[in-house]
Amino acid sequence: MRIIVTGAAGFIGSNIVQALNERGYDDIIAVDNLTQGEKFKNLSDLNICDYIDKKEFYQRFTDKAFGQVEVVFHEGACSDTMEHNGLYMMENNYQMSKALFLASQAQGTRLLYASSAATYGGSDAFKETPDNERPLNVYGYSKLLFDQIVRRHSGVNWDQQSAQVAGFRYFNVYGPREQHKARMASVAFHQHYQFKDTGVVKLFGPYGGYASGEQMRDFIWIKDLVAVKMWFFDHPEKSGIFNLGSGNAQPFNDVALAVVNAHLRHQAKAPLSLHGAVDAGLIEYIDFPSALVGKYQCYTQADLSHLRASGCDLAFTNVQSGVTQYIDHLMSTP
């Protein structure tokens, strides 16, 4: 079975390749852009049959250069929400995705692709319906426009596709293989290194009606996200656009405390409560940045009703468990 993973050297793409390898699949074509050469590390311990630069891939796929491809996991995109070059963003996230979708349908190739919770933007409801879609930046819009194209092509009946197409709106993902993402890496990743370097995790103080560190996000452990993608890989009859988060919003305080206590355990010290960590000076609160006022989501939580209705009933890991596993991994990685 031939499989293609775009963005294969990235965070989520490389975790998908790893999961496929664990199932015995290695006829995998990896597509990426290795201008940022350090990303090779995400592929160096994995088994693939070929690597193609993204500049070559999309036209070659349209031209059927890779033979019969069973499924494309499309993770390749510009994921920097602070990127303001709309021309670049729309070319990378919309035009390339649209070409891939149309070619996949023409060739009978299944497409499992990455959308984003950024499509909701300024909304306070997170269900996969147009009335909730209010992107705040060109990144969110580029993802939404592709979702809209897929919807338009699918009409009222997703089962009429010539091949499975499923989009996944990722919420706040964290876990191994994100070290190259710089400022776009997860909160847990940054807090780990902040605590390792300074002995303190710093969080935002009160804002938006939330107390210090109590702004909330839907944090999803990468292993859970990949498990959902593998479930859809196993169920080619399931198509649609689905939220992919834990379905449970948790405050940044929970992430910070899990990071602190994971470090304390490695130091053979007893875990602390939140108040204990604050009193000990291990968690501190800073003034909310004026540059983010009016541009910051204080709360996100994936509505999983559509995912559950599809038959996917996988359980999700809470922050306390997932972040602890992640910090253990980071502490054991040179």
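The values are calculated or read from the model by the stated rules, or taken from the named source; none is laboratory data. All values derive from a computational prediction rather than experimental measurement. Quick reminder, even Gly has a Cβ in these numbers, built from the backbone with ideal geometry, and neighbours come from all protein chains shown.
Name the residue, out of G311, G281, G294, that is at pLDDT below 95, loosely packed, with under 13 Cβ neighbours inside 10 Å and not in a helix (DSSP H, G or I).
Details: G311 fails: at pLDDT below 95; G281 fails: at pLDDT below 95.
Only one candidate qualifies: G294.
Looking at the structure I just gave you, is D26 among the acidic types (D, E), in contact with a Cys (Cβ under 9 Å, 6 or more places away or on another chain) and either outside any helix (DSSP H, G or I) or without any contact (Cβ under 8 Å) to a residue 24 or more places away in the chain (or both)?
Working: among the acidic types (D, E): yes; in contact with a Cys (Cβ under 9 Å, 6 or more places away or on another chain): yes; either outside any helix (DSSP H, G or I) or without any contact (Cβ under 8 Å) to a residue 24 or more places away in the chain (or both): yes.
For D26, the condition - among the acidic types (D, E), in contact with a Cys (Cβ under 9 Å, 6 or more places away or on another chain) and either outside any helix (DSSP H, G or I) or without any contact (Cβ under 8 Å) to a residue 24 or more places away in the chain (or both) - is met.
Taking the stated definitions as given, is V323 of a type in the set (A, V, I, L, M) and under 20 Å from H190 (Cβ atoms)? Show your work before the answer.
Numbers: of a type in the set (A, V, I, L, M): yes; under 20 Å from H190 (Cβ atoms): yes.
Taking the combined requirement at face value, the residue satisfies it.
Criterion first (surrounded by fewer than 21 Cβ atoms within 10 Å (Cβ to Cβ), at pLDDT below 90 and charged (D, E, K, R)) does E91 satisfy it?
Values: surrounded by fewer than 21 Cβ atoms within 10 Å (Cβ to Cβ): yes; at pLDDT below 90: no; charged (D, E, K, R): yes.
Taking the combined requirement at face value, the residue does not satisfy it.
Could you please find all residues in segment 97-116 being assigned to a helix (DSSP H, G or I) and under 16 Å from H74 (Cα atoms)?
First pass over segment 97-116, keeping only residues assigned to a helix (DSSP H, G or I): 97-107.
Hits for segment 97-116 are S97, K98, A99, L100, F101, L102, A103, S104, Q105, Q107.
Mind checking which residues of segment 59-74 are in a loop (DSSP other than H, G, I, E, B) and of a type in the set (D, E, K, R)?
First, the residues of segment 59-74 that are in a loop (DSSP other than H, G, I, E, B): 63-70.
If the condition is that a residue be in a loop (DSSP other than H, G, I, E, B) and of a type in the set (D, E, K, R), then D63, K64, E70 are the ones that fit.
Name every residue in segment 200-214 that is of a type in the set (G, A, S), on the phi < 0 side of the Ramachandran plot and surrounded by 20 or more Cβ atoms within 10 Å (Cβ to Cβ), in order of residue number. Steps first, please.
Narrowing segment 200-214 to residues of a type in the set (G, A, S): 205, 208-209, 211-213.
Applying the additional criterion that residues be on the phi < 0 side of the Ramachandran plot yields 205, 211-212.
Across segment 200-214, there are no qualifying residues.
When segment 314-334 is examined, which residues are found to be assigned to a helix (DSSP H, G or I) and of a type outside the set (A, V, I, L, M, F, W, C)? Give the derivation first.
Going residue by residue through segment 314-334, those that are assigned to a helix (DSSP H, G or I) are 319-332.
Those that are assigned to a helix (DSSP H, G or I) and of a type outside the set (A, V, I, L, M, F, W, C): Q320, S321, G322, T324, Q325, Y326, D328, H329, S332.
P271 passes all but one of (1) of a type outside the set (G, A, S); (2) farther than 16 Å from D218 by Cα; (3) within 22 Å of the chain's Cα centre (by Cα); which number fails?
The failed condition is (3).
Given the residues A249, A277, which is the only one that is of a type in the set (G, A, S) and out of contact with any helix residue (DSSP H, G or I) (no Cβ under 8 Å at 6 or more places or on another chain)?
Values: A277 fails: out of contact with any helix residue (DSSP H, G or I) (no Cβ under 8 Å at 6 or more places or on another chain).
Going through A249, A277 in turn, the sole match is A249.
Filter segment 79-112 down to the residues that are in contact with a Phe, Trp or Tyr (Cβ under 7 Å, 6 or more places away or on another chain) and closer than 17 Å to A30 by Cα and list them by number.
Answer for segment 79-112, where residues must be in contact with a Phe, Trp or Tyr (Cβ under 7 Å, 6 or more places away or on another chain) and closer than 17 Å to A30 by Cα: M96, S97, L100, L111, L112.
Please verify whether D45 is out of contact with any helix residue (DSSP H, G or I) (no Cβ under 7 Å at 6 or more places or on another chain), at pLDDT below 95 and more than 20 Å from M184 (Cβ to Cβ), treating the condition exactly as stated.
Numbers: out of contact with any helix residue (DSSP H, G or I) (no Cβ under 7 Å at 6 or more places or on another chain): yes; at pLDDT below 95: no; more than 20 Å from M184 (Cβ to Cβ): yes.
So D45 does not fit the description; no.
If a residue has to be part of a strand (DSSP E or B) and within 17 Å of K229 (Cβ to Cβ) to count, how many in segment 30-43 make the cut?
Kept after step one, since they are part of a strand (DSSP E or B), are these residues of segment 30-43: 30-32.
With within 17 Å of K229 (Cβ to Cβ) added as a condition, the list becomes 30-31.
So the answer is 2.
Report the residue count in segment 215-229 for those that are surrounded by 20 or more Cβ atoms within 10 Å (Cβ to Cβ) and either of a type in the set (K, R) or within 17 Å of D254 (Cα to Cα) (or both).
7
Listed residues A106, A77, A99, A117; which is small (G, A, S), surrounded by 20 or more Cβ atoms within 10 Å (Cβ to Cβ) and out of contact with any Lys or Arg (no Cβ under 6 Å at 6 or more places or on another chain)?
Details: A106 fails: surrounded by 20 or more Cβ atoms within 10 Å (Cβ to Cβ); A99 fails: surrounded by 20 or more Cβ atoms within 10 Å (Cβ to Cβ); A117 fails: out of contact with any Lys or Arg (no Cβ under 6 Å at 6 or more places or on another chain).
The match here is A77.
Is it the case that some residue within segment 14-22 is touching a Lys or Arg at 6+ places or on another chain (Cβ under 7 Å), surrounded by 13 or more Cβ atoms within 10 Å (Cβ to Cβ) and part of a loop (DSSP other than H, G, I, E, B)?
First pass over segment 14-22, keeping only residues touching a Lys or Arg at 6+ places or on another chain (Cβ under 7 Å): 14-16.
Remaining after also requiring surrounded by 13 or more Cβ atoms within 10 Å (Cβ to Cβ): 14-16.
Filter again for part of a loop (DSSP other than H, G, I, E, B), leaving none.
Looking for residues that are touching a Lys or Arg at 6+ places or on another chain (Cβ under 7 Å), surrounded by 13 or more Cβ atoms within 10 Å (Cβ to Cβ) and part of a loop (DSSP other than H, G, I, E, B), one finds none in segment 14-22, hence no.
Just one of the numbered conditions (1) surrounded by fewer than 17 Cβ atoms within 10 Å (Cβ to Cβ); (2) of a type in the set (D, E); (3) within 18 Å of L292 (Cβ to Cβ) is not true of D197; which one?
It fails just one condition, (3).
Please list, ordered by first then second residue, the pairs with beta carbon atoms under 8 Å, 6 or more apart or interchain, first in segment 292-307 and within 16 Å of N248 (Cα to Cα) and small (G, A, S), second modelled with pLDDT under 95 and in a loop (DSSP other than H, G, I, E, B).
none
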